[in-house]
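Working notes for the structure below.
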Amino acid sequence: MRNSWLFCQYSICGFLLSLTMLIYLPRTDSHTDGTYKGAENETPSVAPKFLSRGHLYKVIVGETIELPCKVQNLGSFVLLWRKGSSVLTAGHLKISRDPRFKIVGDYNLQINGVKTQDAGDYICQLGDQENRDQVHTVEILVPPTLRALPHNGQVTARKGSTVTLECKASGNPVPTIYWFKKDMFSGPTHLSDSSTLILENVDRHHAGIYQCSADNGVKERVSMDIQLTILSPPEITVEKSWVHAAEGYDVELVCIVHGDVNSEMLWYQNSFLLDPTDRRSMYPRDDRYSLIIRNFQPSDFGNYSCVADNALGRTKKYIEVSGRPGPADFISPALSGSLDHYNLTWTIESIPVLEEIKLLYRRLLMNETYQHPGKWHEFHIKPSAIRTDSTHYLMSYVIKNLEHNAVYEAIVQARNKYGWNEISDIHQFYTRNHDLLLDLDMEYKMGIASSGSKNRIIELLFALSIMEVMIVIFVEF
């Protein structure tokens, strides 16, 4: 067996040596100009010439590539394909043991299922005295791959800490990494273009699914998800911090727990722990906790609190349940349709009948450098309102004898059998300028009003029509 192997080695070496001598050793019968001597009447041969040109080829890993080598007037010369010092083929004879290499066509080199190690320079060499060659450069393109840290894609952190999310990508060209935060409603939000994403002072809003994506232009972008969980004491928001109620009605109080949905929820009234009764029920539903009080009684009025506990702490939020009216909510536009009066319109929540309305207004003196409020004017109004539903009133009052082109403020307070409500927020409104009305009217009549002026006229007419309708409703009721 050893002798057979040595014989095989010597045979191959002998073949290559003979091939090398054939290609590289000068012919003794050649002229100095590259032609050959034969018989005195033999026509000199034409030197070989490359028809193809060297080129950069980019091929995706796993695909097949064909490198051209076209020569004119090859004659008896032999073409070699080599990569570095390794000879791949000689003429149509394959030297490399790699089955992926073969000669196709005339002398084109085909590589099947290219690998990353196939990248480099491939030389088609002409074995004449000049040893001319043609070089093709092959670049192997590799689609991106991703590796997330940690490998399980789960990260847990405490509230207030700094979190580092990391993705490592490989491929050729070097991939770019993009970070997104997923949202089932608004879609992904782009955050960063780096291998690491640093989140500082994290809270419950940082929790969720983060996605790192890698793209290098080769095939499809690849992505991985990382789930971030934030550990923190319970965070509570209340659906309403003030709830209107009356005897005989059903009332629902709602607290929403964020972050840790496994928190234990307790309900209190005026600091006393509440238990379920025939009129009182407590329902958890995901992160929403409800306290339902049926057939509401006077003893049920008061301050309620919802308390959530977990291993990291306790959180409390308060809800006031009252029979007094809710605060007035103004719905009239800020700009008056008149020079000297303004139709103030608002809604109020109250189950019992309203017994008294208090309206206060004042002029606000102001210029570019200061503002100075005037004296409050107070009106006590007998309620004459429209019920929009079982718990809401729609009310309106025309404030008269106002100054032209002036700024005013108004507040409203209401009372029912349970007492006065909180004073409303300040509502600011404006009266019209007399000259402005005349100018707009003149422009409109003369047909020279600009588009802006026409829009202002339309706004004015619309506002006036709304005011008139509200005044009619108010008077009729």
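Bear in mind that the values in this text are calculations on the coordinates, not laboratory data. As the structure is a computational prediction, the values presented were derived from the model and not from experiment. Note that each Cβ is placed from the backbone with ideal geometry, even for glycine, and that neighbours are counted across all protein chains shown.
Loop-located chymotrypsin sites (Phe, Trp or Tyr not before Pro) in the range 344-383 (DSSP state not H, G, I, E or B) with no more than 16 neighbouring Cβ atoms inside 10 Å: 370, 376. Given R0 = 41 Å, the distance between the Cβ atoms of residue 108 and residue 205 translates into a calculated FRET efficiency of 0.10.
Annotation: extensible slack from residue 366 through residue 423 equals 18.1 nm (criterion: 0.36 nm per residue apart, minus Cα-Cα distance).
Once the Cα-Cα distance is subtracted from the 0.36 nm per residue extended length, the residue 405 to residue 391 segment shows a gain of 1.3 nm.
Trypsin sites (Lys or Arg not before Pro) within the range 85-127: which are DSSP loop residues with at most 15 other Cβ atoms inside 10 Å?
Qualifying residues, ordered by number: 97, 100, 115.
Identify the residues of the range 386-400 with backbone N under 13 Å of a label point that sits 7 angstrom from the Cα of residue 249 along the Cα-to-Cβ direction, or state none. Within reach of a label on residue 249: 388-393. Considering every pair of different Cα atoms, what Kirkwood radius, in Å, is found for the range 350-420? This gives a value of 14.1 Å. Residue 334 label point, 7 Å along Cα→Cβ, cut-off 16 Å on backbone N: hits in the range 365-395? Zone members listed by number: 365-368, 371. Kindly provide the trypsin sites (Lys or Arg not before Pro) of the range 387-429 that DSSP labels as loop, not H, G, I, E or B, and whose Cβ sees at most 14 other Cβ atoms within 10 Å. Passing both the DSSP loop test and the Cβ count: 400, 417.
The calculated FRET efficiency for residue 64 paired with residue 96, based on their beta-carbon distance and R0 = 22 Å, is about 0.85. On full extension, the segment bounded by residue 191 and residue 286 gains 31.3 nm, given 0.36 nm per residue less the C-alpha separation.
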